[in-house]
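Derivation of every value follows stated rules applied to the coordinates shown; laboratory data play no part. Here the structure is a predicted model, which means the values were calculated and not measured. So basically every Cβ, Gly included, is an ideal-geometry build from the backbone, and we count neighbours across all protein chains shown.
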Number of protein chains: 2
Amino acid sequence: MINISSEQIYQLEKQYRISLINSLVGYKSLNLLGTASNEGITNLCIISSAFHLGANPPLLGIVIRPEREQNSTLTNIKSTGHYTLNNVLPEWYMQAHQTSAYYPSDVSEFDTCGFQKLYTNHFKAPFVKQSTIRIGLELREIIDLEINGTTILIGEIVHILANDDMIAADGTVDHVKAKTMSVAGLDAYFLPQAVGRLAYAKPGIEPHELNKSY
Amino acid sequence: MINISSEQIYQLEKQYRISLINSLVGYKSLNLLGTASNEGITNLCIISSAFHLGANPPLLGIVIRPEREQNSTLTNIKSTGHYTLNNVLPEWYMQAHQTSAYYPSDVSEFDTCGFQKLYTNHFKAPFVKQSTIRIGLELREIIDLEINGTTILIGEIVHILANDDMIAADGTVDHVKAKTMSVAGLDAYFLPQAVGRLAYAKPGIEPHELNKSY
């Protein structure tokens, strides 16, 4: 067994440390984050930092990194209050990865990486047409973390645009049918396979599978 | 296509809404969170809220939910400052799920759900022996969110205990070899399959695979 201590972590070569630390936590949710400026210039970037915060109110958090300052995402979200998260599919995951390149702020990653925009009602941020699960969020809270200069954005889910048959009878999204991908670390992409759905756990009751694949 | 608006989300049946909102964001990292009280009573619970915050300093966030008050996890972390995250494997994922049951605070989920404890140096929280990737964290920051009563804990990675051959040459954890599982929503468990590793994205360069599986 390898035992890496705090002092050793700090002595690791920089790129090795970034890859190790970023991949430790396991598989991460993978989404394209869509925004638009007040002038209508759109922006799209791949993120793996979205996390569930609660269902009532329906809230998600995302982490925005400081080195992304040249990226217009944070500016757009602060000025319009709207942003979208869209799942990533195997057919075009390489194009999705390409949105992480540093394009000039007047270039839309929608156009240059080959994504189609989808709008709903008066919502200011564009969704990704090629996705199968799309979430529209309204900014609720900004938490600036002094400890490392990152920003946590908390948004309320105000739109869910899902392709037909992607939501199971009990409300759970069928991500296998939706062809949702996952990522570990910076660049390792995965397509998960269902193992099982388990019943609500209670003391004294043996854990067991639910009688449904979805 | 289904278009669910904010008003409709609030009108959904409670359990349906919880399952839908919790599963929207895609696959989540899956870990067993290990702690101990100052008196040495250990606690273990499955979580899917861990997220990467940054590599320098090496930080992870986790979300603790208010209904978990009877659970000793938060108390233990606040009093000892130490906690562990341990990956979940298919051989015993049902036991891992079982740790989410509400056991009395004097019952250790390590013992009742069949997990062995592993300790290192003077670190106060127990790791899970059956896991292959284990992270030791020291509490750095507590963020109480008024918006829904949850708490975000930010911890610094101070120990990495990995089984042999789980870390690739470039530092990325090989979660396929580690047999790490993922979860979507409350109860749907997955084993991801590798699709590809992609090169660092640059404007004007076509996205392409790295010449390595790991």
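From the label point of residue A:104, set 7 Å along Cα to the beta carbon, how far off in nm is each other copy's matching point, shortest first?
7.0
What is chain B's relative contact order, in percent, from Cα pairs under 8 angstrom and six or more apart in sequence?
22
So which aspartates and glutamates pass the test for residue B:202, namely a Cα distance under 13 Å, with those fewer than 8 places away in the same chain ruled out?
Leaving aside aspartates and glutamates fewer than 8 places away in the same chain, those within reach of residue B:202 are A:109.
Quick one: order A:105, B:131 by neighbouring beta-carbon count within 10 Å, fewest to most.
Ranked by crowding around the Cβ, least crowded first: A:105, B:131.
Strictly greater than 24 Å: what percent of every Cα pair in chain B meets that?
48
Using DSSP to call loops (not H, G, I, E or B), can you name the chymotrypsin sites (Phe, Trp or Tyr not before Pro) in the stretch B:124-190 whose Cβ has at most 14 other Cβ atoms within 10 angstrom?
none
For residue B:7 paired with residue A:107, estimate the spin-label separation in nm (one decimal), with each label point 7 Å from Cα along the Cα-to-Cβ line.
4.3
For the stretch B:38-162, what class follows from the C-alpha gyration tensor (a ≥ b ≥ c being the square roots of its eigenvalues): rounded when a/c is under 1.5, otherwise prolate if a/b is larger than b/c, else oblate?
rounded
What is the stretch B:24-118's relative contact order, in percent, from Cα pairs under 8 angstrom and six or more apart in sequence?
Reported relative contact order: 34 percent.
Over the Cα atoms, compute the radius of gyration (one decimal) and Dmax (the largest Cα-Cα distance, rounded to a whole number) for the protein assembly as shown, in Å.
Final numbers for Rg and Dmax: 20.4, 60 Å.
For A:159, A:122, which order do you get if you count the other beta carbons within 10 Å of each Cβ and list the fewest first?
The most exposed by this proxy come first: A:122, A:159.
List the GluC sites (Glu not before Pro) within the stretch B:1-50 that DSSP assigns to loop and that have no more than 14 neighbouring Cβ atoms inside 10 Å.
B:13, B:39
Using the alpha-carbon centroid of each, what span in Å lies between the stretch A:51-116 and the stretch B:103-119?
41
List B:175, B:208 from most exposed to least, where exposure is judged by having the fewest other Cβ atoms within 10 Å.
Lowest to highest Cβ neighbour count: B:208, B:175.
Label-to-label distances across copies for residue B:141, with labels 7 Å out along Cα→Cβ, in nm, shortest first?
Result for residue B:141, in nm, nearest copy first: 1.4.
May I ask you to derive the FRET efficiency for residue A:41 and residue B:206 from their Cβ-Cβ distance with R0 = 22 Å, giving the value to the nearest 0.05?
In this case the efficiency is close to 0.35.
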